[in-house]
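What follows is a short report on a single structure.
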Amino acid sequence: MSGTQYSDTITDMAPEPVGARRVVVLISGSGSNLQALIDAQSHDRLGGEIVAVISNEPDAYGLKRAHEAGIEAVALPHREYDSRDAYDGALIKVIERHEPDLIVLAGFMRILTPRFVQRFLGRMLNIHPSLLPAYQGLNTHARALTDKVTSHGCSVHFVTEELDGGPVVLQAELAVSVDDTQDTLKDKVHAREHLIYPIAVQWFLEGRLQYSAEGAKMDGHLLPPHGMRLSHEDAAEELDENIEED
Ligand code: GRF
């Protein structure tokens, strides 16, 4: 082996400089969670960079938020595709063009095809407005009120083929009071979502959080089925909310 070959080999083996971790966010609406992620990024608390925001609804306000933050905003209307499979195929192509490390669903109101989920398994997170596994699906606040639950909240979870059924990473809890309505619950849950989603994204981008079939892992340790949980008291304190004394 000549000296030249040797130094070439060393050059080949040198690690690529690691660039910022890349995030693609999928939305359908207002994008208040997207805004929380943008704000975290601007304070260096996201652990990476949002490189594109994609919406299936061309009028989604979240696209404006992305644009204002200088992030590529892509409208990909599902109505222009004949089938769910055709749409998800197009979405995969647009996402992959941005070479993301993580795909973040932030109010993306679409049922995903198995092909789409499998493509990004282990690197796709969602936020859901309930303490999963309670209230998978829609109308979570109304169902919680009907059931007269005393505890409600939100969950960040890995996306799997089961709707709202993937391993839970992090939850924030809130104590439901007798005065709560769908609107007050929605506001309180949203505030908690904005608190925990950037944290979970940062954990993933820093390599602390991993998907496994048995559950989410944090620093190599399997988390309990409800993931980590921020209590009502801790969340209220973070949010500077008044805590009602019983
Ligand atoms: C949030 O409540 C989230 O839990 C659900 O969709 C809503 C999106 O709200 N998946 P926004 O568009 O982020 O304001």
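The values are calculated or read from the model by the stated rules, or taken from the named source; none is laboratory data. As the structure is a prediction and not an experimental result, all values here were calculated from the model. Virtual Cβ from ideal backbone geometry, glycine too; neighbours counted across all protein chains shown.
Return yes when residue 157 is in contact (Cβ under 8 Å) with a residue 40 or more places away in the chain, within 16 Å of the ligand (Cβ to nearest atom) and in contact with a helix residue (DSSP H, G or I) (Cβ under 8 Å, 6 or more places away or on another chain) and no when it is not.
Numbers: in contact (Cβ under 8 Å) with a residue 40 or more places away in the chain: yes; within 16 Å of the ligand (Cβ to nearest atom): yes; in contact with a helix residue (DSSP H, G or I) (Cβ under 8 Å, 6 or more places away or on another chain): no.
No, not satisfied.
Taking the stretch 146-196 on its own, how many of its residues are over 22 Å from the mean Cα position of the chain (by Cα), at positive phi and surrounded by 15 or more Cβ atoms within 10 Å (Cβ to Cβ)?
Of the residues in that region, 0 qualify.
Of all the residues that make up the stretch 75-115, how many are within 25 Å of residue 200 (Cα to Cα) and within 16 Å of the ligand (Cβ to nearest atom)?
Here the count works out to 10.
Which residue pairs have Cβ atoms closer than 8 Å, lie 6 or more positions apart in sequence or on different chains, and pair a first residue in the stretch 58-79 that is closer than 11 Å to residue 27 by Cβ and at pLDDT 95 or above with a second residue that is part of a loop (DSSP other than H, G, I, E, B) and among the acidic types (Asp, Glu)?
Listed by first residue and then by second, the contacts come to 75/57.
Could you tell me whether residue 125 is surrounded by fewer than 24 Cβ atoms within 10 Å (Cβ to Cβ) and closer than 22 Å to residue 27 by Cβ?
no
Residues that are among the small types (Gly, Ala, Ser): list the helices (runs of 4 or more DSSP H) wholly contained in the stretch 41-119 that include at least 1 such residues.
The helices (runs of 4 or more DSSP H) meeting that bar are 61-68, 84-97.
Give the stretch 213-224 a look and list any residue that's surrounded by 12 or more Cβ atoms within 10 Å (Cβ to Cβ) and within 21 Å of residue 117 (Cα to Cα), or say none.
Once the filter is applied, which keeps residues that are surrounded by 12 or more Cβ atoms within 10 Å (Cβ to Cβ) and within 21 Å of residue 117 (Cα to Cα), the stretch 213-224 yields 215, 216, 217.
Would you confirm, using the coordinates I've provided, whether residue 138 is over 19 Å from residue 119 (Cα atoms) and in a strand (DSSP E or B)?
Answer is no for this residue.
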